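Participant: Have a look at this one before I ask anything.
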Amino acid sequence: MIPFSILDLSPIAEGSDAATSFQRSLDLAQHGERWGYNRFWLAEHHGMPGIASAATAVLIGHVAAGTSRIRVGAGGIMLPNHSPLVIAEQFGTLEALHPGRIDLGLGRAPGSDQTTARALRRNLASDADEFPQDVVELMDYFAGSTRRPVQAVPGAGLDVPVWILGSSLFGAQLAAHLGLPYAFASHFAPQMMMQAIDMYRSNFRPSEQLDKPYIMLGFNVFAADTDEEAHFLATSMQQAFVNLRTGRPTKLKPPVSGYLEALDLPERMMLDSVLSCSAIGSRVTVAHQLRAFIEKTKPDELMITSQIYDHAARLRAYEITADIQRAG
């Protein structure tokens, strides 16, 4: 079985707060390390009442300090929100503190709405179309390139693996051109997954970082002791997507019995589309769905995300998934 990793948004559950989310993220990372997960990634989002991972580099440092072996990184940093030098310094600091354990995934979306993006940057002069140049500039800082008039201290000369994140063909083309590993957001935007996989692998150019294509796919898992319980737990994530797509983002809500059946047809179709790369059920059911997905897509690694309201149930879902991975 290929390696499995964890994607965590440090969800803020209804009735809880960000401090509790940070404690739970660290607890999940510590359990994930013991269960054999390869990486623990956190994602940059802003202005979202149910996501606490906005200061992504800070939270990565918190998780890395509380673990010892698992790789910790960003899945990802939304580079248009930052200068490449700032990110090189932040992740250079993290790598200096936790050598050999830090990953840097980069995305070109803002991770927010336009109003929040303006508040982050003070203006919208930064352009997502400049993303390729920003990625190269960032990599130059890590390399200590003499082409740059300034140096990233810390950062220059440190080995921080850079990944390209994406949900379209743009990221696949860029990752292939630069010879970088590619992580596709199939856990919420699966529509172009197969085309992106093919484009990345077909056009990959070896680089100093990577000699052959390496692709990681996002995948939702809601695993429990029974199929019925797993489908019940999955309704928290389903509510979150419906609320987000209808302009009403909220904290992660408790699961609701019969939620899918009560939805209008357009909302049900939307969920069927965005969450099509998911496994929901007992150990046997999830194992079958995971193996079918891996056989279809042939990734090098899976990034598992499990947005479950109850922390103990979320841990259980990742434990079951780890058992499936170890079983092969």
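Participant: Within region 204-214, can one find any residue that is assigned to a helix (DSSP H, G or I) and touching a helix residue (DSSP H, G or I) at 6+ places or on another chain (Cβ under 9 Å)?
Facilitator: No, region 204-214 contains no residue that is assigned to a helix (DSSP H, G or I) and touching a helix residue (DSSP H, G or I) at 6+ places or on another chain (Cβ under 9 Å).
Participant: Scan region 229-252 residue by residue and report those that are out of contact with any Ser or Thr (no Cβ under 9 Å at 6 or more places or on another chain) and surrounded by fewer than 16 Cβ atoms within 10 Å (Cβ to Cβ).
Facilitator: Hits for region 229-252 are 245, 246, 247, 248, 250.
Participant: Please specify each residue of region 189-218 satisfying the condition of being open to solvent by less than 80 Å² (accessible area, probe 1.4 Å), under 21 Å from the mean Cα position of the chain (by Cα) and of a type in the set (S, T, N, Q).
Facilitator: 209
Participant: Scan region 37-56 residue by residue and report those that are open to solvent by 20 Å² or more (accessible area, probe 1.4 Å) and in contact with a helix residue (DSSP H, G or I) (Cβ under 6 Å, 6 or more places away or on another chain).
Facilitator: At the first step, the residues of region 37-56 found to be open to solvent by 20 Å² or more (accessible area, probe 1.4 Å) are 38-39, 45-49, 51, 54-55.
46, 47 - these are the residues of region 37-56 that are open to solvent by 20 Å² or more (accessible area, probe 1.4 Å) and in contact with a helix residue (DSSP H, G or I) (Cβ under 6 Å, 6 or more places away or on another chain).
Participant: Regarding residue 59, is this residue touching a Phe, Trp or Tyr at 6+ places or on another chain (Cβ under 6 Å), modelled with pLDDT of 95 or more and crowded, with 21+ Cβ neighbours inside 10 Å?
Facilitator: Values: touching a Phe, Trp or Tyr at 6+ places or on another chain (Cβ under 6 Å): no; modelled with pLDDT of 95 or more: yes; crowded, with 21+ Cβ neighbours inside 10 Å: yes.
So residue 59 fails the test.
Participant: Assess whether residue 134 counts as being assigned to a helix (DSSP H, G or I), touching a Lys or Arg at 6+ places or on another chain (Cβ under 7 Å), open to solvent by 10 Å² or more (accessible area, probe 1.4 Å) and without any contact (Cβ under 8 Å) to a residue 60 or more places away in the chain. First the steps, then the outcome.
Facilitator: On the way: assigned to a helix (DSSP H, G or I): yes; touching a Lys or Arg at 6+ places or on another chain (Cβ under 7 Å): no; open to solvent by 10 Å² or more (accessible area, probe 1.4 Å): yes; without any contact (Cβ under 8 Å) to a residue 60 or more places away in the chain: yes.
So residue 134 fails the test.
Participant: Counting only residues that are open to solvent by 20 Å² or more (accessible area, probe 1.4 Å) and closer than 24 Å to residue 183 by Cα, which one in region 3-21 is nearest to the chain's Cα centre (by Cα)?
Facilitator: From region 3-21, those open to solvent by 20 Å² or more (accessible area, probe 1.4 Å) are 3, 9, 14-20; that's our starting set.
Next cut, closer than 24 Å to residue 183 by Cα only: 3, 9.
On the way: 3: 15, 9: 8 Å.
Looking at residues that are open to solvent by 20 Å² or more (accessible area, probe 1.4 Å) and closer than 24 Å to residue 183 by Cα, I get 9.
Participant: Within region 228-239, is there a residue that is assigned to a helix (DSSP H, G or I) and β-branched (Val, Ile, Thr)?
Facilitator: Initially, region 228-239 is screened for residues assigned to a helix (DSSP H, G or I), giving 228-233, 235-239.
Then keep just the ones that are β-branched (Val, Ile, Thr); that gives 235.
Yes, region 228-239 has at least one match.
Participant: Determine the pairs where a residue that is of a type in the set (Phe, Trp, Tyr), located within region 266-295, has a partner that is modelled with pLDDT of 95 or more with Cβ atoms under 7 Å apart, the partner being 6 or more residues away or on another chain.
Facilitator: What qualifies is 293/219; 293/277.
Participant: Return the residue satisfying two criteria in turn: it lies in region 116-131 and is over 15 Å from residue 54 (Cβ atoms) and at pLDDT 70 or above, and of such residues it is most open to solvent (accessible area, probe 1.4 Å).
Facilitator: Our first condition is that a residue be over 15 Å from residue 54 (Cβ atoms); within region 116-131, this holds for 118, 122-131.
Among the residues that remain, those that are also at pLDDT 70 or above are: 118, 129-131.
Working: 118: 119, 129: 104, 130: 87, 131: 4 Å².
Filtering first and then ranking leaves 118.
Participant: Report, ordered by the first and then the second residue, all pairs with beta carbons closer than 8 Å, sequence separation of six or more or different chains, a first member in region 296-325 that is closer than 23 Å to residue 197 by Cα and in a helix (DSSP H, G or I), and a second member that is among the aromatic types (Phe, Trp, Tyr) and at pLDDT 95 or above.
Facilitator: So the pair list comes out as 325/4.
Participant: As an exercise: evaluate residue 165 against (1) out of contact with any helix residue (DSSP H, G or I) (no Cβ under 6 Å at 6 or more places or on another chain); (2) assigned to a loop (DSSP other than H, G, I, E, B); (3) not β-branched (Val, Ile, Thr) and give the number of the one condition it does not meet.
Facilitator: It fails just one condition, (2).
Participant: For region 137-157, name all the residues that are in contact with a strand residue (DSSP E or B) (Cβ under 9 Å, 6 or more places away or on another chain) and in contact (Cβ under 8 Å) with a residue 40 or more places away in the chain.
Facilitator: Step one: of region 137-157, the residues in contact with a strand residue (DSSP E or B) (Cβ under 9 Å, 6 or more places away or on another chain) are 138-139, 142.
Hits for region 137-157 are 138, 142.
Participant: Name the residues in region 261-288 that are under 13 Å from residue 230 (Cβ atoms), touching a helix residue (DSSP H, G or I) at 6+ places or on another chain (Cβ under 8 Å) and assigned to a helix (DSSP H, G or I), would you?
Facilitator: Residues satisfying the conditions are 283, 285, 286, 287.
Here is a yes/no grid of residues against (1) out of contact with any Pro (no Cβ under 9 Å at 6 or more places or on another chain); (2) aliphatic (A, V, I, L, M); (3) closer than 30 Å to residue 264 by Cβ; (4) assigned to a loop (DSSP other than H, G, I, E, B):
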{"residue": "157", "(1), (2), (3), (4)": "yes, no, no, yes"}
{"residue": "180", "(1), (2), (3), (4)": "no, yes, no, yes"}
{"residue": "183", "(1), (2), (3), (4)": "yes, yes, no, no"}
{"residue": "221", "(1), (2), (3), (4)": "yes, yes, yes, no"}
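Participant: Quick one: which residue in 290, 275, 265 is open to solvent by less than 40 Å² (accessible area, probe 1.4 Å) and more than 21 Å from residue 12 (Cα to Cα)? Give the derivation first.
Facilitator: Working: 275 fails: more than 21 Å from residue 12 (Cα to Cα); 265 fails: open to solvent by less than 40 Å² (accessible area, probe 1.4 Å).
Residue meeting the stated conditions: 290.
Participant: Same structure again: If residue 70 satisfies all but one of (1) in contact with a strand residue (DSSP E or B) (Cβ under 8 Å, 6 or more places away or on another chain); (2) under 21 Å from residue 166 (Cβ atoms), what's the number of the condition it fails?
Facilitator: So residue 70 meets the others, but not (2).
The values are calculated or read from the model by the stated rules, or taken from the named source; none is laboratory data. Here the structure is a predicted model, which is why all the values come from computation and not from measurement. For neighbour counting, all protein chains shown are included, and Cβ atoms are generated from backbone atoms with ideal geometry for every residue, glycine included. Note: areas computed on protein heavy atoms with side chains; ligands, DNA, RNA excluded. Shrake-Rupley method; radii C 1.70, N 1.55, O 1.52, S 1.80 Å.
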